[in-house]
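Peer 1: Shown below is the structure under consideration.
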Amino acid sequence: MNELTAVADTICRTTELGVTISGAGIDAADRTHLFCDPLAPDDRCPDCGEPGVFRDRVDRELVDVPTFAYPTRLHVRVPRYRCVNPGCAREVYRARIDSIAAPRSQVTTRTTRWILQRLIGDKMSVAAVARALGLSWDTVNTIAAEAARRLAYDGSRLDTVRVIGLDEHKWKHVRGHGDSGWVTVIVDLTALVDGTGPARLLDMVPGRSKKVLADWLADRDDTFRHRVKTVALDGFAGYRTAAHQELPGARTVMDPFHVVHLAAAKLTTCRQRIQQATTGRRGHKDDPLYKIGRILLTRAHLLTEKQQVRLQAGLSAHDSHVAVEVTWQLYQKLIAAYANKNRRQGKIAMYKIVKSIRAGVPKELPELAQLGRSLWSLRAQILAYFDTGVSNGPVEAINGRLEHLRGIALGFRNLNHYILRSLMHSGQLEIPTHAL
């Protein structure tokens, strides 16, 4: 019998829980039942700490990891003891089995870890995990959410953070809800900058404003705020102001994508204005400027010969098109500055571009003048990219993955649940799960 018990313990790996199998069975629902005894029960009284006298045993049923793909129930015969200390008010108590399961928990400790590993590592749905364990969806979701919350908000996750990225994210597309459908996404870019790993989601905070970010940063300790040296963000002034306020030692970096996007928007506005002024309409398929709308936004060296011919024909079709051509040339110079492999040369080129349109732009080029004022006010954040190389692109990538997560789930109603699921999905909690 001892040999059979050893084999059963090895197959079911029950010894890692601190129990040994004494019997087994299968019920009508195809669930495996394992009857176990603790290997080293703690007989000390929880109040006085004195050893007690054995009284009897009680059965505690726990959900364990599946055995050969079948739901498993662990029946632990927990010893009960009688306290013999006359000065202790407690008479009878159970042996502590914290290594097997937490107090009042209905699952073993390794089951909680197994649930998170399936949801985080294997990207299984809550429903699939619930079926494998023979539990309800609500039970599995509650266990996963509580465990993920402990991992995600463990202070040690912030110990290595030196570079963060910020962005806004729309989690609930419902009209008339204002900013209630938005969250501020905070991403750790440190490992990506160091070349040791990908970016990871740190947290998501309801709302999108200076106060939202400032409050989150203020809730962190001084060590964290002094350790963060670089903050990547878009053009939103609220995030920039909050970062300067709460992270005075950090350098803010405006992402190249948003700078180029800002220039592209002004180029499109200029084209539309000239189109309306010369033709009196928004655009027709045969209108010269309408035909080159997309070509204008493409990098010059990527254009085919046919596209180059069409571009030149569109720009030279009317004298008024010179405004579009000038704006397009500056747009291409911006892209070329970012593409320069020598960051110092790229920084110098970018500064010259921004300075050239800071002031004195002809009144016939209002879009270029507006762009110049905007870029000059943001010049410190724009030029910081060439010194740090930090981009907000990984933050946008995580935003995209969260959109995909919401699509798979067909939307979320509860924001707290959505944040926890997002942290499980993109917060890199795989390694911490082994510590559960």
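Peer 1: Filter segment 272-298 for residues that are touching a residue at least 40 places away in the same chain (Cβ under 8 Å) and either closer than 18 Å to ALA337 by Cα or touching a His at 6+ places or on another chain (Cβ under 9 Å) (or both) and give the result.
Peer 2: First, the residues of segment 272-298 that are touching a residue at least 40 places away in the same chain (Cβ under 8 Å): 273-274, 277-278.
Once the filter is applied, which keeps residues that are touching a residue at least 40 places away in the same chain (Cβ under 8 Å) and either closer than 18 Å to ALA337 by Cα or touching a His at 6+ places or on another chain (Cβ under 9 Å) (or both), segment 272-298 yields ILE274, THR278.
Peer 1: Any idea which of ARG421, ARG413 is modelled with pLDDT under 90, closer than 18 Å to SER125 by Cβ and crowded, with 20+ Cβ neighbours inside 10 Å?
Peer 2: Values: ARG413 fails: crowded, with 20+ Cβ neighbours inside 10 Å.
One residue alone meets the criteria, ARG421.
Peer 1: Can you tell me which residue is farthest from GLN370 (Cα to Cα) among those in segment 228-271 that are surrounded by fewer than 22 Cβ atoms within 10 Å (Cβ to Cβ) and touching a Gly at 6+ places or on another chain (Cβ under 8 Å)?
Peer 2: LYS229
Peer 1: Residues ALA28, ALA24: which one is assigned to a loop (DSSP other than H, G, I, E, B) and aliphatic (A, V, I, L, M)? Quick ask: steps written out before the conclusion?
Peer 2: Numbers: ALA24 fails: assigned to a loop (DSSP other than H, G, I, E, B).
Going through ALA28, ALA24 in turn, just one is assigned to a loop (DSSP other than H, G, I, E, B) and aliphatic (A, V, I, L, M): ALA28.
Peer 1: Could you tell me which numbered condition LEU151 fails, if it satisfies all but one of (1) hydrophobic (A, V, I, L, M, F, W, C); (2) touching a strand residue (DSSP E or B) at 6+ places or on another chain (Cβ under 7 Å); (3) outside the structural domain of ASN414 (by TED's automatic domain parsing); (4) closer than 30 Å to THR388 by Cβ?
Peer 2: With (1) hydrophobic (A, V, I, L, M, F, W, C); (2) touching a strand residue (DSSP E or B) at 6+ places or on another chain (Cβ under 7 Å); (3) outside the structural domain of ASN414 (by TED's automatic domain parsing); (4) closer than 30 Å to THR388 by Cβ applied to LEU151, the lone miss is (2).
Peer 1: Hey, does segment 65-72 have a residue that's in contact (Cβ under 8 Å) with a residue 60 or more places away in the chain and either of a type in the set (Gly, Ala, Ser) or surrounded by fewer than 16 Cβ atoms within 10 Å (Cβ to Cβ) (or both)?
Peer 2: Yes, that holds for at least one residue.
Peer 1: Would you be able to tell me the number of residues in segment 31-55 that are more than 22 Å from TYR70 (Cα to Cα) and in a strand (DSSP E or B)? Don't jump to the end; show me each part of the working.
Peer 2: Just the residues of segment 31-55 that are more than 22 Å from TYR70 (Cα to Cα), to begin with: 38-55.
Still in the list and also in a strand (DSSP E or B): 38, 42, 44, 51, 53-55.
Residues flagged as more than 22 Å from TYR70 (Cα to Cα) and in a strand (DSSP E or B) within segment 31-55 amount to 7.
Peer 1: Moving on to the next point. Take GLY411 and decide whether it is without any contact (Cβ under 8 Å) to a residue 60 or more places away in the chain and in the same structural domain as VAL161 (by TED's automatic domain parsing).
Peer 2: Working: without any contact (Cβ under 8 Å) to a residue 60 or more places away in the chain: no; in the same structural domain as VAL161 (by TED's automatic domain parsing): yes.
No.
Peer 1: I'd like to know if segment 396-405 contains one or more residues that are buried (at least 18 other Cβ atoms within 10 Å of the Cβ), in contact with a strand residue (DSSP E or B) (Cβ under 6 Å, 6 or more places away or on another chain) and either in the same structural domain as ALA323 (by TED's automatic domain parsing) or farther than 26 Å from ASP154 by Cα (or both).
Peer 2: no
Peer 1: Anything in segment 19-32 that is surrounded by 16 or more Cβ atoms within 10 Å (Cβ to Cβ) and either acidic (Asp, Glu) or under 18 Å from ILE97 (Cβ atoms) (or both)? List them, or say none.
Peer 2: Within segment 19-32, VAL19, THR20, ILE21 meet the criteria.
Peer 1: Still on this structure, I have one more. Enumerate the pairs (first residue in segment 338-359 and under 9 Å from PHE386 (Cα atoms); second residue anywhere and exposed (fewer than 13 other Cβ atoms within 10 Å of the Cβ)) with beta-carbon separation below 8 Å, excluding pairs fewer than 6 apart on the same chain, so at least 6 apart or on different chains.
Peer 2: Matching pairs, first to second residue: ARG343/GLY389; GLY346/ALA339.
Peer 1: Of the numbered conditions (1) within 31 Å of the chain's Cα centre (by Cα); (2) over 19 Å from ILE295 (Cα atoms); (3) assigned to a helix (DSSP H, G or I), SER391 satisfies every one except a single condition; which is it?
Peer 2: For SER391, the failing item is (3).
Peer 1: Hey, among the residues in segment 333-387 that are among the polar types (S, T, N, Q) and not in a helix (DSSP H, G or I), which one's surrounded by the most Cβ atoms within 10 Å (Cβ to Cβ)? Steps first, answer last, please.
Peer 2: Filtering segment 333-387 down to residues among the polar types (S, T, N, Q) leaves 340, 342, 345, 356, 370, 374, 377, 381.
The next check asks that each one be not in a helix (DSSP H, G or I); those that pass are 340, 342.
Working: ASN340: 15, ASN342: 10.
Among them, the one singled out is ASN340.
Peer 1: Now a separate question. For the structure I just gave you, tell me whether CYS48 is among the hydrophobic types (A, V, I, L, M, F, W, C), crowded, with 17+ Cβ neighbours inside 10 Å and under 20 Å from ASP98 (Cβ atoms). I'd like the intermediate steps shown before the answer.
Peer 2: Numbers: among the hydrophobic types (A, V, I, L, M, F, W, C): yes; crowded, with 17+ Cβ neighbours inside 10 Å: no; under 20 Å from ASP98 (Cβ atoms): yes.
Here the answer is no, as CYS48 does not meet what is asked.
Peer 1: Now for a different question. Conditions first: (1) closer than 16 Å to TYR93 by Cα; (2) out of contact with any Lys or Arg (no Cβ under 7 Å at 6 or more places or on another chain). ALA69 passes all but one, so which condition is the exception?
Peer 2: Answer for ALA69: the failing condition is (1).
Peer 1: What number of residues within segment 287-310 satisfy the criterion of being over 16 Å from ALA264 (Cα atoms) and not β-branched (Val, Ile, Thr)?
Peer 2: Within segment 287-310, the first condition is being over 16 Å from ALA264 (Cα atoms), and the residues that meet it are 287-288, 291, 301-310.
Then drop every residue that is not not β-branched (Val, Ile, Thr), which leaves 287-288, 291, 301-303, 305-308, 310.
Within segment 287-310, residues that are over 16 Å from ALA264 (Cα atoms) and not β-branched (Val, Ile, Thr) number 11.
The values are calculated or read from the model by the stated rules, or taken from the named source; none is laboratory data. What you are looking at is a predicted structure, and each value in this text was computed from that prediction instead of being measured. Cβ sites come from the backbone with ideal geometry, for glycine too, and all protein chains shown count toward neighbours.
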